[in-house]
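Colleague: First, the structure itself, so that you have it in front of you.
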Amino acid sequence: MVEDQSIKKYTLLAVTLASFLTAITGSAINLAIPAIGNEFQSSTTSLSWVATSYLLACAAFLVPFGRLGDIVGRRKIFLLGVNVFFLSSLMCGFAWSMASLILFRIIQGIGAGMIFSTNMAILTSVFSPQERGRVFGISVAAVYTGLSFGPAIGGFLNHQFGWQSIFIFTSILALIVVLFTAFGLKGEWHGAAGEKFDRVGSFLYVLGITAFMYGISAMTTSPAAKFVFLAGFIILLVFGFYEVRIQHPILYLSLFKNITFAFSNLAAFISYSATFALGFLLSLYLQEIQGYDSQVSGLILLSQPVIMALLSPFSGSLSDRIEPRVLATLGMVITTVGLIPLSFLTPSTPVWLLILDLIFLGIGFALFSSPNTHAVMSSVEIRYSGIASSTLATMRMTGQAVSMAIVTLIMSVYLGDAQLSPSLYGSLLTSTKTSFAVFALICFVGIFASWARGKKQPVQAGNQPL
């Protein structure tokens, strides 16, 4: 019993540290976007790729690595992921051009894909169904804690030492996670040991989703993007037809016959599509339009994730007792309402009003995320937890990539490919408000997807695909 509790403690700590690391990296770099643009003389479209390239790579590799983790061991893939994340973070800090920075961000995204595809599956393997709501809440709280510290730390480091210091700082954190995982996380967990890895399906999936997402993001800036988008869509269709015909696919599409699983994943996709770009947009708004430095902007943006970090463990524990769809749908409603005022921003919007709205949004995010994760992971048998974890993470990362793609699309309409300057601040504000109006509409649709998942049903052995 003591050994069992020790395994649980170190497993939760390792996953929590990795969740914190990936979150703080993403939120910290948002505060350095204007500085990176100034150093490399980059347009707003190029700057959006600093975030989008990472998200696209992560989304593309999540499902293959989730399946590979089920076969060769989830700890192996998790540990490899934190190592790749460490090395790529270090290289980002020494990037000499926008192209090199984006390349290293792609590698960083692949490492994050290894982490995200296995972290929830490891927790599911170690903790009983009665404990999962609580530990998922703690893991989600670690993400939000990282998001909380990210703007403040990123703004401070960028202001005092330059944007490169953010990546150096996160590489040090990553090294700590590497050492702890290597020496503290004992044991190994498989979901499909001995089964064959689907190389053809993996290739089709990575190629298809990369082309599909790139096509969306570059639709207004590249004449060939619409053909790339179409090619990606066709490849994903071929992938789907192929997967349902083989014995051991990388993605059991029949899992989506489970209403709770399908709509919980859809709700996650919609939620992140409607909310992820918020930090990117508000960082530009606060620094370029309101004139705050990155340090002060980071402190302002701190208000939202702090609330999420405080409330996520509570909402996770609550989802062990209350239907997850009730809590998650309430969170989606609150988020929708919170996005609407952001579509009416002006150059003179009071900061205190923005902070209040960010706090309100934080409550909505916290009520949605932990219960929604609980709903997904509790809707399948434990042997499919790796697939469920990677699928949910794919929905999250793909949603985040779509969120950035929407912003890139709208900004390219209003700003073109020009470098930011005071003469374009009016167009920047218009594109920001338009983006938030679109996000509020998307989130409104998500309310219905969240409620449509139905009540949580007990998982019966044998009712999942073989």
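Colleague: Filter region 160-177 for residues that are buried (at least 19 other Cβ atoms within 10 Å of the Cβ) and either β-branched (Val, Ile, Thr) or over 20 Å from Leu87 (Cα atoms) (or both) and give the result.
Modeller: Ile166, Thr170, Val177
Colleague: Pick out the one residue from Arg134, Arg105 that is out of contact with any strand residue (DSSP E or B) (no Cβ under 8 Å at 6 or more places or on another chain), surrounded by 24 or more Cβ atoms within 10 Å (Cβ to Cβ), in contact (Cβ under 8 Å) with a residue 40 or more places away in the chain and among the charged types (D, E, K, R). Talk me through it step by step, then tell me what you get.
Modeller: Numbers: Arg134 fails: surrounded by 24 or more Cβ atoms within 10 Å (Cβ to Cβ).
Going through Arg134, Arg105 in turn, just one is out of contact with any strand residue (DSSP E or B) (no Cβ under 8 Å at 6 or more places or on another chain), surrounded by 24 or more Cβ atoms within 10 Å (Cβ to Cβ), in contact (Cβ under 8 Å) with a residue 40 or more places away in the chain and among the charged types (D, E, K, R): Arg105.
Colleague: Which pairs have Cβ atoms under 6 Å, sit 6 or more apart or on different chains, and link a residue in region 162-176 that is closer than 13 Å to Ala95 by Cβ to one that is of a type in the set (S, T, N, Q) and surrounded by 19 or more Cβ atoms within 10 Å (Cβ to Cβ)?
Modeller: These pairs meet every condition: Phe167/Ser89; Ser171/Ser89.
Colleague: Among the numbered criteria (1) aromatic (Phe, Trp, Tyr); (2) within 21 Å of Val206 (Cβ to Cβ); (3) in contact (Cβ under 8 Å) with a residue 40 or more places away in the chain, which one does Phe86 miss?
Modeller: (2)
Colleague: Would you say Ser148 is hydroxyl-bearing (Ser, Thr, Tyr) and at pLDDT 85 or above?
Modeller: For Ser148, the condition - hydroxyl-bearing (Ser, Thr, Tyr) and at pLDDT 85 or above - is not met.
Colleague: Hey, which of the helices (runs of 4 or more DSSP H) in region 120-219, taking only ones fully inside, have at least 3 residues that are within 15 Å of Ala18 (Cβ to Cβ) and hydrophobic (A, V, I, L, M, F, W, C)? Even if it seems obvious, please write down each step before you answer.
Modeller: Numbers: elements: 129-161, 164-184, 199-217.
Because the criterion is at least 3 residues that are within 15 Å of Ala18 (Cβ to Cβ) and hydrophobic (A, V, I, L, M, F, W, C), the helices (runs of 4 or more DSSP H) in region 120-219 that meet it are 129-161, 164-184.
Colleague: Out of curiosity, is Gly446 touching a helix residue (DSSP H, G or I) at 6+ places or on another chain (Cβ under 6 Å), at pLDDT below 80 and under 30 Å from Arg321 (Cα atoms)? Spell out how you get there, then give the answer.
Modeller: Numbers: touching a helix residue (DSSP H, G or I) at 6+ places or on another chain (Cβ under 6 Å): yes; at pLDDT below 80: no; under 30 Å from Arg321 (Cα atoms): yes.
Against the criterion (touching a helix residue (DSSP H, G or I) at 6+ places or on another chain (Cβ under 6 Å), at pLDDT below 80 and under 30 Å from Arg321 (Cα atoms)), Gly446 does not qualify.
Colleague: Has region 388-401 got any residue that is crowded, with 24+ Cβ neighbours inside 10 Å, in a helix (DSSP H, G or I), touching a residue at least 40 places away in the same chain (Cβ under 8 Å) and in contact with a Gly (Cβ under 7 Å, 6 or more places away or on another chain)?
Modeller: Scanning region 388-401 turns up at least one residue that is crowded, with 24+ Cβ neighbours inside 10 Å, in a helix (DSSP H, G or I), touching a residue at least 40 places away in the same chain (Cβ under 8 Å) and in contact with a Gly (Cβ under 7 Å, 6 or more places away or on another chain).
Colleague: While we're here: Quick one: which helices (runs of 4 or more DSSP H) sit completely within region 222-336 and have at least 2 residues that are in the same structural domain as Ala375 (by TED's automatic domain parsing), in contact with a helix residue (DSSP H, G or I) (Cβ under 6 Å, 6 or more places away or on another chain) and surrounded by 20 or more Cβ atoms within 10 Å (Cβ to Cβ)? Give the steps one after another, and end with the answer.
Modeller: Details: elements: 225-243, 259-275, 278-284, 294-301, 303-318.
In region 222-336, the matching helices (runs of 4 or more DSSP H) lie at 259-275, 278-284, 294-301, 303-318.
Colleague: Moving to a separate point now. Here is a list: Ile7, Ile33, Ile29. Which entry is in contact (Cβ under 8 Å) with a residue 12 or more places away in the chain, buried (at least 24 other Cβ atoms within 10 Å of the Cβ) and either within 21 Å of Gly137 (Cα to Cα) or in contact with a Leu (Cβ under 6 Å, 6 or more places away or on another chain) (or both)?
Modeller: Selected residue: Ile33, the only one of Ile7, Ile33, Ile29 that is in contact (Cβ under 8 Å) with a residue 12 or more places away in the chain, buried (at least 24 other Cβ atoms within 10 Å of the Cβ) and either within 21 Å of Gly137 (Cα to Cα) or in contact with a Leu (Cβ under 6 Å, 6 or more places away or on another chain) (or both).
Colleague: For Ser42, indicate whether it is modelled with pLDDT under 80 and under 25 Å from Pro305 (Cα atoms). First the steps, then the outcome.
Modeller: Working: modelled with pLDDT under 80: yes; under 25 Å from Pro305 (Cα atoms): no.
Considered against the rule, which asks whether it is modelled with pLDDT under 80 and under 25 Å from Pro305 (Cα atoms), Ser42 comes out as no.
Colleague: Quick check on my filter: what residues within region 296-329 are touching a Leu at 6+ places or on another chain (Cβ under 8 Å) and of a type in the set (S, T, N, Q)?
Modeller: Across region 296-329, the qualifying residues are Ser297, Ser303, Gln304, Ser315, Ser319.
Colleague: Further question: Would you mind telling me which numbered condition in (1) at pLDDT below 85; (2) crowded, with 24+ Cβ neighbours inside 10 Å Ser89 fails?
Modeller: (1)
Colleague: Evaluate region 331-349: report whether one residue or more is among the polar types (S, T, N, Q) and under 25 Å from Ser139 (Cα atoms). Steps first, answer last, please.
Modeller: Applying the first criterion (among the polar types (S, T, N, Q)) to region 331-349 yields 335-336, 343, 346, 348-349.
From what is left, the residues that are under 25 Å from Ser139 (Cα atoms) are 335-336.
Yes: one or more hits.
The values are calculated or read from the model by the stated rules, or taken from the named source; none is laboratory data. Remember, predicted model here, so these are calculated numbers, not experimental data. Heads up, the Cβs are rebuilt from the backbone with ideal geometry, glycines too, and the neighbour counts pull from every protein chain shown.
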